[in-house]
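The structure appears right after this line, and notes come after that.
The values are calculated or read from the model by the stated rules, or taken from the named source; none is laboratory data. Computed from a prediction, not measured in an experiment: that's the story for all the values here. Here the Cβ positions follow ideal geometry from the backbone for every residue, glycine too, while neighbour counts run over all protein chains shown.
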Amino acid sequence: MKSENECVIGIDYGTDSVRSVLVDIEGNQLAESVHHYSRWKKGLYCDSAANQFRQHPLDYLEGLENTLKEVLSSVSDEVVGRVKGIAVDTTGSTPVAVDRSGTPLALKDNFAENPNAMFILWKDHTAVQEAEEITELAKTWGGQDYTKYVGGIYSSEWFWAKMLHTLRKDETIRDAAYSWVELCDWIPYELTGETDVHKMKRSRCAAGHKALWHEEFDGLPSEEFLTKLDPLLAGVLERLFEKTFTSDEPAGTISKEWAEKLGLPEDVVIAVGAFDAHMGAVGGEIEPYFLSKVMGTSTCDILVAPYEDVQDNLVQGICGQVDGSVIPGMVGLEAGQSAFGDVYAWFRDLILDPFKELISQSDLLSDEQKQSLIKEAENKLLPVLTEKASNIETVDTGIVALDWLNGRRTPDANQLLKGTIEGLDLGSDAAKVFKALVEATCFGAKAIVERFRDEDIRIEGIIGLGGVAKKSPFVMQTLANILDMPIKIAKSDQVCARGAAMFAATAAGSFESVSKAKESMGNGFGEVYEPEPDKVQAYEDLYQRYLSLGNFIENRIEKQYKQEKISQ
C-alpha cells in the first residue's frame with residue numbers, strides 16, 4: 001500500500017440524483033456533494049402510465065461537474081493534489097444509443113428532445129414484448145441458451161430488450177445509432193475524453209448481468225441468434241464489444257479538459273464503471289454468503305460466493321451470476337425487487353394528490369402558505385403513517401398486499417404483474433394499509449431469499465444498505481421478523497459512492513485488491529435488527545397468504561395477456 005495520504009473520489013448515479021464523495025484511503029470522508037437531476041425532477045420525457053422513464057444525458061453531465069467541483073472546493077489545494085483515482089457506479093440497465101464517437105444521440109441538436117435518444121432508465125418497462133421474445137427464442141432456436149446465466153428469463157429492464165424496442169419504434173434512432181452503451185460505461189469514457197466508441201472499456205458487471213455476455217459464449221450472443229430475433233439487429237454485434245473488464249481495472253486517465261475544468265492532476269486514474277448495487281455491496285463490506293440488500297426506490301440484492309462453490313449451479317429466476325461482477329475472483333449473484341421505497345411513495349402520493357389540489361384551490365391561504373402546507377404534508381405523511389403502523393400490535397390485520405406495483409424483478413422476472421391489496425373492509429384505515437404494503441415489500445424480499453436457498457445457495461446473514469435501511473426502523477424490524485434473520489446496517493450514508501471509492505483506490509494502485517481496499521476503507525456497521533420471536537410464526541402464516549394471492553393474480557394476468565395477444 002502506498003502513502004496513507006492518497007485520496008479518491010466515488011461517484012454514485014442514482015435514480016433521482018448523483019452524489020460524489022471524496023475519501024482518503026483510510027476511509028475518512030473528506031467531502032460530499034449531491035445534485036438532483038433538474039429535468040427528471042420536472043418529470044420530463046417520462047410517462048409513468050406507459051412505463052416510460054427516460055433521463056437526459058445533460059442531467060448526468062451537469063451532476064458530474066457540479067458535484068465534483070463542490071467536493072473539490074471543500075478541501076485545500078494540497079488535498080486536491082493527492083487525488084489519485086475516480087470510480088463511477090450507476091443505475092442499470094440504463095442504455096443509450098450513441099454515434100461512432102460514443103456521443104449519446106440526445107446531445108445532438110436534432111435529437112435533443114427525443115426521449116428515444118436518451119438514456120432508458122432501469123425502471124423503464126416499455127420493452128416487455130421484446131424481453132418475452134428473447135426468452136422464448138433462447139429456449140427454442142436450437143442453439144445456445146443465452147439466458148442460462150441470467151436466471152433463465154430475460155427482463156424488459158435489460159439492455160437487449162430496450163435496444164430492440166427502440167429500434168422497432170423509432171426509425172430516426174435506427175438510422176442514427178452506431179452503437180449502444182450503458183451509463184456506467186459512458187461516464188468513465190466521458191471523463192477519459194475518448195472519441196471512438198470501440199475504445200470504450202465495457203463493464204463486466206453490466207455486460208454479464210444485463211447483456212447476456214459470458215466467456216462460455218465467447219462474448220455476446222451470436223449474429224445468428226440476434227438476426228433470428230429481429231433482422232433489425234443485423235450488424236450491431238460488430239459495433240458493440242467482445243471484451244469486458246472488472247472495475248478494479250483502469251478505464252484510462254482523466255482527460256486534459258476535465259482535469260483543467262476540475263483542477264485535478266492529469267494522472268488521475270478513471271476506473272471501469274459498474275452498477276450501483278454491486279459497488280454498494282463492496283462499500284457495505286459484503287462477505288461471502290451474506291445477502292447485501294441495497295434498499296431505495298427498488299432493491300438490488302447482491303451475494304458473492306467463491307467460484308469453486310458455485311461452479312455449474314445455475315440459479316433460476318434471478319438477475320444473473322457473473323464472475324467478477326462484484327469482487328474480482330468471486331461469482332456475483334444478483335436479485336432484487338422492481339419497487340420497494342417506490343411502493344411507499346406511491347401510497348403517500350395517492351393520499352396527498354387530492355389534498356394538494358384542494359389546498360391549491362383554497363381562498364383562505366396565500367400562495368406562500370399553500371406551498372408551505374403542501375411541503376410540510378409531503379415531509380410528514382410517511383413518518384406519521386410509519387408511527388401509526390408500528391403501534392398496531394396485531395400482526396395479522398386481515399389485509400394482505402402484493403408489492404408488484406412496478407412488476408416483479410425476481411424471482412422469475414415478470415413486468416406485466418400489478419400490485420394488489422386484499423382484505424379491505426370499512427375498518428381498514430391508512431395505517432393498516434400502509435402496514436400491509438410494508439409487509440408486502442418484505443414478503444417480496446423473503447421470496448428472493450427462499451429462491452436462493454431452494455437453489456442450494458446458502459445465506460448466512462443480511463446486510464442492509466441504502467436510504468430505507470438507514471431511515472426506517474419500522475421497515476427493517478418488519479423485514480427481520482419476516483426473514484427470521486438478523487439484519488446489520490452499514491454505517492455509511494453514501495455506501496454506493498464509498499464502494500466506488502474503493503474501486504477507484506484499487507484501480508489507481510493504492511491497494512493490491514478490492515478486498516484489501518474494503519478492509520481499509522470500510523466504515524463498519526451500526527444498528528442490528530433482531531427478529532422478534534413472538535411475531536415470526538404469524539408472519540410466516542401471512543407469507544403463505546401472500547404467495548397464494550400472488551399465484552392467483554399472476555395466473556389471472558397471464559391469462560388476460562394471452563387473450564389480448566390472440567385478439568391482436
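Go through the range 366-404 and count every residue that is of a type in the set (A, V, I, L, M) and at pLDDT below 95.
0
Just name the residue that is nearest to Lys243 (Cα to Cα) out of those in the range 323-380 that are in contact with a helix residue (DSSP H, G or I) (Cβ under 8 Å, 6 or more places away or on another chain), of a type in the set (Ser, Thr, Tyr) and not in a helix (DSSP H, G or I).
The qualifying residue nearest to Lys243 (Cα to Cα) is Ser325.
Considering each residue of the range 461-488, count those that are free of Cβ contacts under 8 Å to residues at least 60 places away in the same chain and under 22 Å from Val34 (Cα atoms), and give that number.
2
Can you tell me which of (1) touching an Asp or Glu at 6+ places or on another chain (Cβ under 7 Å); (2) surrounded by fewer than 16 Cβ atoms within 10 Å (Cβ to Cβ) is the one Gln371 doesn't meet?
Failing condition for Gln371: (1).
Filter the range 285-317 down to the residues that are of a type in the set (A, V, I, L, M, F, W, C) and under 23 Å from Pro486 (Cβ atoms) and list them by number.
Within the range 285-317, Ile286, Phe290, Leu291, Val294, Met295, Cys300, Ile302, Leu303, Val304, Ala305 meet the criteria.
So, restricting to helices (runs of 4 or more DSSP H) that lie completely within the range 470-545, which ones have at least 2 residues that are of a type in the set (Val, Ile, Thr)? Steps first, answer last, please.
Details: elements: 473-483, 495-507, 514-521.
Result: 473-483, 495-507.
Looking at this structure, is Arg348 among the charged types (D, E, K, R) and closer than 30 Å to Glu460 by Cβ?
no
Keeping to the range 385-414, report how many residues are of a type in the set (A, V, I, L, M, F, W, C) and farther than 28 Å from Lys123 by Cα.
3
Would you mind stating whether Lys84 is charged (D, E, K, R), more than 18 Å from Met200 (Cα to Cα) and part of a strand (DSSP E or B)? First the steps, then the outcome.
On the way: charged (D, E, K, R): yes; more than 18 Å from Met200 (Cα to Cα): yes; part of a strand (DSSP E or B): yes.
So Lys84 fits the description; yes.
In the range 204-224, how many are at negative phi and within 18 Å of the chain's Cα centre (by Cα)?
Result for the range 204-224: 8.
Working only within the range 341-355, note down all residues that are more than 19 Å from Phe474 (Cβ to Cβ) and buried (at least 19 other Cβ atoms within 10 Å of the Cβ).
none
So which residues in the range 284-295 are closer than 21 Å to Phe511 by Cβ and either under 15 Å from the mean Cα position of the chain (by Cα) or without any contact (Cβ under 8 Å) to a residue 24 or more places away in the chain (or both), if there are any at all?
Ser292 - this is the single residue of the range 284-295 that is closer than 21 Å to Phe511 by Cβ and either under 15 Å from the mean Cα position of the chain (by Cα) or without any contact (Cβ under 8 Å) to a residue 24 or more places away in the chain (or both).
Looking at this structure, is Leu183 in contact with a Ser or Thr (Cβ under 8 Å, 6 or more places away or on another chain), assigned by TED's automatic domain parsing to the domain that holds Arg239, under 14 Å from Ala106 (Cα atoms) and of a type outside the set (S, T, N, Q)? First the steps, then the outcome.
Values: in contact with a Ser or Thr (Cβ under 8 Å, 6 or more places away or on another chain): yes; assigned by TED's automatic domain parsing to the domain that holds Arg239: yes; under 14 Å from Ala106 (Cα atoms): yes; of a type outside the set (S, T, N, Q): yes.
The answer is yes for Leu183.
Looking at this structure, is Asn110 assigned by TED's automatic domain parsing to the domain that holds Gly263, modelled with pLDDT of 95 or more and in contact with a strand residue (DSSP E or B) (Cβ under 8 Å, 6 or more places away or on another chain)?
Spelling it out, it is not the case that Asn110 is assigned by TED's automatic domain parsing to the domain that holds Gly263, modelled with pLDDT of 95 or more and in contact with a strand residue (DSSP E or B) (Cβ under 8 Å, 6 or more places away or on another chain).
Considering only the range 166-178, state which residues are of a type in the set (Gly, Ala, Ser) and either outside the structural domain of Gly102 (by TED's automatic domain parsing) or surrounded by fewer than 18 Cβ atoms within 10 Å (Cβ to Cβ) (or both).
Ala176
So for the range 124-146 (the condition being closer than 30 Å to Ser255 by Cα and crowded, with 20+ Cβ neighbours inside 10 Å), does at least one residue qualify?
no
Going by the conditions given, is Gln316 surrounded by fewer than 18 Cβ atoms within 10 Å (Cβ to Cβ), more than 22 Å from the chain's Cα centre (by Cα) and among the polar types (S, T, N, Q)?
no
Would you check which residues across the range 180-233 are of a type in the set (Val, Ile, Thr) and buried (at least 18 other Cβ atoms within 10 Å of the Cβ) and list them?
The answer is Val181, Ile187, Thr192, Val197.
Does Phe443 meet the test of being aromatic (Phe, Trp, Tyr) and either surrounded by fewer than 24 Cβ atoms within 10 Å (Cβ to Cβ) or within 18 Å of the chain's Cα centre (by Cα) (or both)?
Considered against the rule, which asks whether it is aromatic (Phe, Trp, Tyr) and either surrounded by fewer than 24 Cβ atoms within 10 Å (Cβ to Cβ) or within 18 Å of the chain's Cα centre (by Cα) (or both), Phe443 comes out as no.
Cβ-Cβ under 7 Å, sequence separation 6+ or interchain: first residue in the range 390-401 and within 14 Å of Ala538 (Cα to Cα) and touching a residue at least 60 places away in the same chain (Cβ under 8 Å), partner assigned to a loop (DSSP other than H, G, I, E, B) and not basic (Lys, Arg). Which pairs?
Close Cβ pairs satisfying both conditions: Val400/Gly423.
Can you tell me which of Gly461, Gly526, Gly509, Gly522 is surrounded by fewer than 24 Cβ atoms within 10 Å (Cβ to Cβ) and in contact with a Gly (Cβ under 7 Å, 6 or more places away or on another chain)?
Gly522
Anything in the range 42-65 that is more than 12 Å from Val96 (Cβ to Cβ), polar (S, T, N, Q) and touching a Cys at 6+ places or on another chain (Cβ under 9 Å)? List them, or say none.
If the condition is that a residue be more than 12 Å from Val96 (Cβ to Cβ), polar (S, T, N, Q) and touching a Cys at 6+ places or on another chain (Cβ under 9 Å), then Gln52 is the only one that fits.
If I go through the range 395-438 residue by residue, how many of them are farther than 30 Å from Glu130 by Cβ and out of contact with any strand residue (DSSP E or B) (no Cβ under 7 Å at 6 or more places or on another chain)?
Final tally of qualifying residues: 16.
Got a number for residues in the range 33-45 being part of a loop (DSSP other than H, G, I, E, B) and free of Cβ contacts under 8 Å to residues at least 40 places away in the same chain?
Result for the range 33-45: 4.
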